[in-house]
Amino acid sequence: MINVIELENGVRIVYEMMDQVETVSLGVFFKAGSLDEREADYGVSHFVEHMMFKGTNKRNASQIADGFDRLGGSVNAYTSRDHTCYYFKTTEDTLSEAMDILFDMLSESTFLEKEMEKERRVILEEIKMLEDQPDELSIEQCTRLVFKNDPLEHDIAGYSHTLMNMNSDTLRDYIKEEYAAKDTVVAVSGKFDIEEIKEIVLEKLSCLRKEKEAKEVPLAVYNPSKATVVKEIEQTNLCLGTRFTTLDSEDYYSAIFYNNILGGSMSSRLFQHIREERGLAYTVMSMPQVMVRAGALLIYAGTAHEKVDECIEGIQSELLQIKEKGISSEELIKAKNQGKSNIVFSMERTQSRMMSMGRNLLLMNKVITQEEMLDKINKVTKEDVNRVANLYSSPESFSYVAVSPKESVF
């Protein structure tokens, strides 16, 4: 059974006891991501996440890393466009020690300038790594076009010129403004003592401001466009993208099935047509980026330079086919079975359950149980998916990005 409580400091805890396991997964979710950043501080959310691991008043970076390794647990974090999460997985008997380290990081990090300088170089290398991965670069550049002129547009990692201008005060000011109790969720799944967790969360996160100022920024109007990134590589990397459904939409599951049928699996239309039938690409797929603010549907393919036009024509033909003729009952059955399996498989792990509860409560103010998800899947009809396909399958509504040695691909 999933339970939600709100503490005196405003932080919410969502938890699920699983007495049949010996592990526990805990995550702290903040509704603060790259879309909350000012232009001068692009990348600060991601920088803060990195620096949380680089020393507190009680531990240096090495002691933080060694502390989790000594417990036999795992710890990690991520920054997205709409939230940031710090999480760990450990055993019940080491939970207290793991929480002591994680909440020490979240409440007592020092952000020393010497540590910032080292981590700044690490992030700059992370950005360079993206530049050396043409597939990821095409996807990131296409995402920018889909969200052009919107806070969702800029790279999560930031840019060299913004990173170079940040200091410890920049990070502290961001935390003070964006890490607010009412927009913080602690999610726990596994075997644990909830009273112990409540006590630590109440003590360690009372430093957060109660709530942050609401930002009412209208979603930018989308206008499809094209771009080419010139790189001396052996293959042209294509990405097509358009606006898509949102996380809280009634069409969410219909849209997920549409993506699965279009290009989300080896039996999908794009994979079978572009790779298996025409041999135009080794990798071809569609993928959704779904948030509460907006969503994007992205289609990626890597193809020979001389086959670019043919590959684009093949993708467009599949979009028009699914738009004009719809999907089959067999395709929907297969997509539903894959969706159900993904949910059931993931919900066998404490970390997946924790992540699902934390994200849903933080971003949508509700928790969706496994039974509710399966029920929503069962209710999706072929007509629902065809209606979504009609909305998102027009080739002219897509933006096009190519990473290629050619200066003008389109």
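Numbers at a glance
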quantity	calculated
Non-local Lys pairs in the stretch 226-404, i.e. 8 or more apart or on different chains, that have alpha carbons under 24 Å apart	25
In order through the stretch 361-378: 3J(HN,Hα) via Karplus (6.51 cos²θ - 1.76 cosθ + 1.60), integer Hz, x for Gly, Pro	5, 5, 8, 10, 6, 7, 10, 10, 6, 4, 5, 5, 5, 5, 5, 4, 4, 4
The chain: relative contact order in percent, alpha carbon pairs under 8 Å with at least 6 residues between	22
19 Å Cα cut-off, lysine pairs counted over the stretch 2-204 (separation 8 or more, or different chains)	15
Computed magnitude of the charge dipole of the stretch 218-357 (debye, nearest 20; Cβ of K, R +1, Cβ of D, E -1)	440
Of SER225, SER329, SER268, the one that fluctuates the most in a GNM where the chain has Cα springs shorter than 10 Å	SER329
Cysteines not pairable in the chain (beta carbon separation under 4.7 Å absent)	CYS85, CYS207, CYS311
Where labels lie 7 Å past Cα in the beta-carbon direction, separation of LYS182 and ILE194 in nm	2.4
Helix-only mean residue ellipticity at 222 nm for the chain, each DSSP H run of n ≥ 4 adding -39500 (n - 2.57), per residue, nearest 500	-13500 deg cm²/dmol
GluC sites (Glu not before Pro) lying in DSSP loop within the stretch 21-71, provided at most 13 other Cβ fall within 10 Å	GLU22
Share antiparallel - DSSP beta bridges, the stretch 226-404, percent rounded to 5	80
Selection from VAL217, GLY10, ILE64, by position along the positive dipole direction of the chain (Cβ)	VAL217
Distance (nanometres) between label positions extended 7 Å along Cα→Cβ at GLU113 and GLU276	6.1
The stretch 2-204 - percent relative contact order, Cα under 8 Å, separation 6 or more	40
Dipole moment magnitude, nearest 20 debye, the chain about Cα centre, only Lys, Arg, Asp, Glu C-beta charged	660
Ranking of LEU208, LEU124 by count of other Cβ atoms within 10 Å, fewest first	LEU124, LEU208
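All of the numbers you see were taken from the coordinates with simple rules; none came from a lab. No experiment lies behind these values; they were computed from the predicted model shown. Methodologically, a virtual Cβ is constructed for each residue, glycine included, from the backbone with ideal geometry; neighbour enumeration extends over all protein chains shown.
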